[in-house]
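First up is the structure itself, then whatever we jot down about it.
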Amino acid sequence: MSGAEKHGLAAASYQPQRPDWTIDQGWAQYTAEEHATWKTLFERQSRLLPGRACDAFLEGLQALSMAADRIPDFEQLSEVLMRRTGWQVVAVPGLVPDDVFFEHLANRRFPAGQFIRQAHQLDYLQEPDVFHDVFGHVPMLMHPVMADFMQAYGQGGLRAKAQGVLEQLARVYWYTVEFGLVQQSDGLRIYGAGIVSSATESVFALEDASPHRVRFDLERVLRTQYRIDDFQESYFVLPDLADLLHLATIDFDPYYERVRTASSHRPGVIVAGDQVLTRGTGQYHRKAKER
Ligand code: HBI
Ligand code: FE
């Protein structure tokens, strides 16, 4: 492992050795400090998530029996995951090109960042590291519906790229897999990996008065921009996780036809037709702009 990889600078400068961009996880090379970073993050989220993350996430996490005190070994995770939903976890240096990413998903391989964030970046980082990818995504891959949805996204991603609508499709991934909320019988819950892997956003997404919470609608989401630099201004809520199964099986082409030429929505707006669960005050992002 090069110094650049260890420090998470990998993707920009990295020359893939293998065409699929996978690397060895090199589990034995993680330092005590890196395992300690995992432990800090793991324990913090384990305290926050009961009552906030959806049942499927909490059950998946439990069944994977990840330890608090060390970064998981991908081969061990893959064994459990393979038995449950036929998925594997493979190591990559960081972000990989879209087509490489989609090709993995289409084959039920989840590419997880090998590196872990440094102790001074516990709350925010640009590239997906092992905590975001493994703690955030892998528990949901234990759920058969998410397992099928992610594979369909990989297949659909290759097609959307060819049709020039990848920007629109990526919004669906963003507002479901990364930042999705779901209506559970006992309340609103998180299933998005970007939220469950963030201490601050786990609270903000559910409890803050600032963001909008709007019922998920495919065409609306295909047209909605998102932000990658801060909390979301709007969250989209699925009535049921099983709705992802519908999204995994329908033909997107008629939607692409309509949204290809349509204008896009800014992240913080409410539009005609929205089923609004919470109309946000927008206060957080207004203040952020002044900072
Ligand atoms: N690579 N490792 C990794 N993880 C991602 O989530 C990822 C990626 N490459 C591209 C990508 N995501 C997205 O931009 C696509 O969903 C469009
Ligand atoms: Fe992610």
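Considering 230, 243, 253, the condition of being modelled with pLDDT under 95 and surrounded by fewer than 21 Cβ atoms within 10 Å (Cβ to Cβ) is satisfied by 230 alone. Among residues of the range 173-189 being under 19 Å from residue 255 (Cβ atoms) and surrounded by fewer than 24 Cβ atoms within 10 Å (Cβ to Cβ), the one that is nearest to ligand 1 (Cβ to nearest atom) is 173. Among the residues of the range 27-58, those that are over 18 Å from residue 188 (Cβ atoms) and among the acidic types (Asp, Glu) comprise 33, 34, 43. Put simply, of 201, 167 the only residue that is in a helix (DSSP H, G or I), within 16 Å of ligand 2 (Cβ to nearest atom) and within 29 Å of residue 112 (Cβ to Cβ) is 201. Looking at residue 131, is it surrounded by fewer than 23 Cβ atoms within 10 Å (Cβ to Cβ) and under 16 Å from the mean Cα position of the chain (by Cα)? Spelling it out, it is not the case that residue 131 is surrounded by fewer than 23 Cβ atoms within 10 Å (Cβ to Cβ) and under 16 Å from the mean Cα position of the chain (by Cα).
For the range 94-115, the criterion of a residue being buried (at least 22 other Cβ atoms within 10 Å of the Cβ), more than 13 Å from ligand 1 (Cβ to nearest atom) and either part of a helix (DSSP H, G or I) or modelled with pLDDT of 95 or more (or both) is satisfied by no position. Filtered by the rule that a residue be among the polar types (S, T, N, Q) and touching a strand residue (DSSP E or B) at 6+ places or on another chain (Cβ under 7 Å), the range 25-84 gives 25, 78.
Being assigned to a strand (DSSP E or B) and touching an Asp or Glu at 6+ places or on another chain (Cβ under 6 Å) is a description that applies to residue 214. Residue pairs whose Cβ atoms lie under 6 Å apart, sitting 6 or more positions apart in sequence or on different chains, and linking a residue in the range 82-93 that is outside any helix (DSSP H, G or I) to a partner that is within 16 Å of ligand 2 (Cβ to nearest atom) and basic (Lys, Arg), are 88/109; 90/109. Would you call residue 129 within 16 Å of ligand 1 (Cβ to nearest atom) and modelled with pLDDT of 95 or more? Yes: the conditions hold for residue 129. Among the residues of the range 223-268, those that are of a type in the set (Ser, Thr, Tyr) and not in a loop (DSSP other than H, G, I, E, B) comprise 224, 234, 235, 249, 255, 256. Scanning the range 108-130 for residues that are closer than 26 Å to residue 55 by Cα and more than 11 Å from ligand 2 (Cβ to nearest atom) yields 108, 109, 122, 123, 124, 130.
For the range 153-164, a tally of residues being away from ligand 1 (no atom under 13 Å from the Cβ), touching a residue at least 60 places away in the same chain (Cβ under 8 Å) and assigned to a helix (DSSP H, G or I) returns 0. Taken over the range 146-178, the criterion of being among the β-branched types (Val, Ile, Thr) and farther than 19 Å from residue 243 by Cβ is satisfied by 165 alone.
Of all the numbered requirements in (1) within 17 Å of the chain's Cα centre (by Cα); (2) not in a helix (DSSP H, G or I), residue 19 misses one, and that requirement is (1). Taking each residue of the range 123-134 that is farther than 10 Å from residue 197 by Cα and looking for partners that are more than 10 Å from ligand 1 (Cβ to nearest atom) and of a type in the set (A, V, I, L, M) with beta-carbon atoms closer than 6 Å, six or more apart or interchain, yields 129/116; 130/71; 130/116.
The values are calculated or read from the model by the stated rules, or taken from the named source; none is laboratory data. Everything numeric here is computed off the predicted structure, so don't read it as measured data. Note that we place each Cβ from the backbone using ideal geometry, even for glycine, and neighbour counts take in every protein chain shown.
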